Structures are given as structure tokens and as C-alpha cells.
Amino acid sequence: MSHEKQKALLRNLQEVDFVLVELTLYLDTHPDDHEAINQYNQCSLEREGILSEYEEKYGPLMHFGHSFNRYPCGWSEGPWPWEI
Amino acid sequence: MLKEKHNPFKDQYRVWYPYHSPDDPCPPIVRQYVVPPNQYLGFQPPNLPQYSKQEALMKGTLWPIFFSPYPPKKRGKKHES
């Protein structure tokens, strides 16, 4: 399929998101754990990088101001991330 | 040979055998259930070893100590209900 790079980016984003979810839950109960805070911040920076790279190439991923829209290849046209 | 201490984090399955009456024609029932590792950890200590992010996504947890795959029961046992 021609969307290998796109899928790889999405997978990477998914992995970083999962780590962020785990760390968020961990930090809820361990607010003083600086190790986890550093890891959390580093992961969110990494996520920002992946997201901007993806959106620059393939269009917005989120609505309501979380992503820049554009035309053509905005969110009004496919394929949606789950359609590739 | 010292019996290896039961490690609740690795082998999470517990087995119990409901009462089997001598008049019961059916084979005895074997019941299995999983006790997840977080029951044995209490408050999570900091700086536990972590999986890589790829593995964490596949395993469903960031810390190997909490990994509980809940594998399907082994079909091999004959009188498995």
C-alpha cells in the first residue's frame, strides 16, 4: 500500500500516546516523581513533533482548534486516518 | 530441591476444585481464575523498569510488573468444564 509512511507515523503517534496515558495516570497518584515528570514532558514534546510532521504532510488530525485546517487536503476530504 | 517460591507476578492463575460428590457421574470440575499482579504491589514504587513504547503499546502496560496477558485456558485438560 502506498500509505506505509503515513501508517508508520500514525503507529508512532499511537505508541507515544499510550505512554502518555500511562504516565498521566501514574502522575495522578505520584505527583512528586520527577523522573516520571521528565519522561512525561519529553514524550509530549516528541508527540508534538510527530503530530506536526503528520499534519504537515497528510492534513489535520483533530478539530476544534487542535489542528490547523487547509484546503485542499483539509478535513473535508478523505481519506480519514482509519480509511487508509 | 527447594520448591520454587510461588511468584504471583509470573504465574497469575489460581486453580480450585469444587466439591465432587462420589455419586456425581460427571468428571470433577476444575475452576481457574487470574489474580492480576497489581493486587500484590499495593502503592506503586517509583522508577520501576519499563517497556519500550512499541512493546508497551502491544503489551497494554508500560511496566512489565503489571503485565497480565490473561491467556485463554489450556484446552488440553480432559475434564476442563
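The values are calculated or read from the model by the stated rules, or taken from the named source; none is laboratory data. This one's a predicted model, so the numbers in the text were calculated from it and none came from an experiment. Cβ sites come from the backbone with ideal geometry, for glycine too, and all protein chains shown count toward neighbours. Heads up: the accessible areas ignore ligands, DNA and RNA and are worked out on the full protein's heavy atoms, side chains in. Shrake-Rupley method; radii C 1.70, N 1.55, O 1.52, S 1.80 Å.
Structure data summary
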| item | result |
| --- | --- |
| The range A:18-51, subset in contact (Cβ under 8 Å) with a residue 24 or more places away in the chain and more than 10 Å from every other protein chain (Cβ to nearest Cβ), residue surrounded by the fewest Cβ atoms within 10 Å (Cβ to Cβ) | A:SER44 |
| Residue match in the range A:52-59 (condition: more than 14 Å from B:LYS53 (Cα to Cα) and either within 14 Å of chain B (Cβ to nearest Cβ) or not in a helix (DSSP H, G or I) (or both)) | yes |
| Residue list for the range A:54-76, restricted to those being touching a residue at least 12 places away in the same chain (Cβ under 8 Å) and surrounded by fewer than 14 Cβ atoms within 10 Å (Cβ to Cβ) | A:LYS57, A:HIS63, A:PHE68, A:CYS73, A:GLY74 |
| Residues being open to solvent by 80 Å² or more (accessible area, probe 1.4 Å), in contact with a strand residue (DSSP E or B) (Cβ under 8 Å, 6 or more places away or on another chain) and either in a loop (DSSP other than H, G, I, E, B) or at the interface with chain A (Cβ under 9 Å from one of its Cβ atoms) (or both) - total across the range B:18-70 | 1 |
